[in-house]
1. Averaged across orientations, what area in nm² does the convex hull of the alpha carbons in the chain project?
2. Could you tell me the relative contact order of the chain? Use alpha-carbon pairs under 8 Å, at least six residues apart, and round to a whole percent.
3. Count charges around Asp137 for me, please; just the other residues with Cβ under 13 Å from its Cβ, Lys/Arg as +1, Asp/Glu as -1.
4. At 4 °C and 1.567 mPa s, what whole-number value in µm²/s does Stokes-Einstein give for the translational diffusion of region 80-119, with Rh from the Kirkwood sum over Cα pairs?
5. Loop sites only, by DSSP: take the chymotrypsin sites (Phe, Trp or Tyr not before Pro) in the chain that have at most 13 other C-beta atoms within 10 Å and name the longest stretch containing none of them.
6. Each label point is 7 Å from the Cα along the Cα-to-Cβ direction; what then is the distance between the points at Met152 and Ala40, in nm?
7. Identify, among Gln200, Ala164, Asn117, the residue whose Cα sits farthest towards the positive end of the charge dipole of region 7-238, taking +1 on the Cβ of Lys and Arg and -1 on the Cβ of Asp and Glu, with the dipole about the Cα centre.
8. Please give the net charge around Ala209, taking every other residue with its beta carbon less than 12 angstrom from that of Ala209, where Lys and Arg add +1 and Asp and Glu add -1.
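Bear in mind that the values in this text are calculations on the coordinates, not laboratory data. All values reported here derive from a predicted model rather than from experimental measurement. Cβ sites come from the backbone with ideal geometry, for glycine too, and all protein chains shown count toward neighbours.
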Amino acid sequence: MKLVGRVALVTGATGSLGQYICQALAAQGASVVAGYNRSAQAAEDLLSTLSEVAHGHLTCAAPVTDSQALQLLAEQIKNRFGRCDIVVNCAGTTRFVAHANLSGLDDELIDSILTTNIRGPIAVVRALQPLLEQSDDGLIINITSIAGKTAMGSNIAYCASKAALDNLTISLARALAPKIRVVSVAPGLSDTEFVKGLDQDWRNEQASATPLGRLAMPQEVAAAVIAVATQLTFTTGAIIPVDGGRPIH
């Protein structure tokens, strides 16, 4: 219970990784603000799975492409808790497009990926910066991806967006120090419900291409978030891989 009294905002909270991150933060005593885009009911359902904490939890609309809504979100957090100590940028979007199929990577998809995956985290940080600076250990964790390093992923725009987000982590760490730490947690392919629904042979191929011989578990990604928040307290501007050694294969 190392995060008792802390308040943590998780964007994309109802996603496959976001749910586990919320549960892990609550298990450590943090009050969780489950940020959602359109799935308000899913966010409410998520709250029922979180460990009880003294000051409770909260669901809030957090559409990362709407800067005005994010300012309102910051006000809601301030009014309810009076503080925000941790922001986890977990919201993201993509669609599978073969890397060689450039015509399939239409402008609308590119704009959606870059707006959500890059502009979104910047807008979230911009809105929450005043509250984070008031914390004695303000922390931003960007959920990126191994794709930012390997350039292998759902499509080339997605890979580029995750590389940019890792770079943004370093830039923000420099700009916001010493009051706010900024760290990337970069998972490999994670064994989420979505991934379990994909072709089994393809999943097996991905696992066999990983030195540790399996996919990342969502709980392991959440554990890395907790480690950054509670153990790696002198770490900023770093990219923490949770990828089973895939880049060295």
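1. 12.8
2. Taking the mean separation of contacting Cα pairs over the length of the chain, I get 18 percent.
3. +2
4. This corresponds to a translational diffusion coefficient of 104 µm²/s.
5. So the longest stretch without any such site is 97-233.
6. 4.3
7. In region 7-238, that residue is Ala164.
8. Once all neighbours under 12 Å are counted, the net charge is +1.
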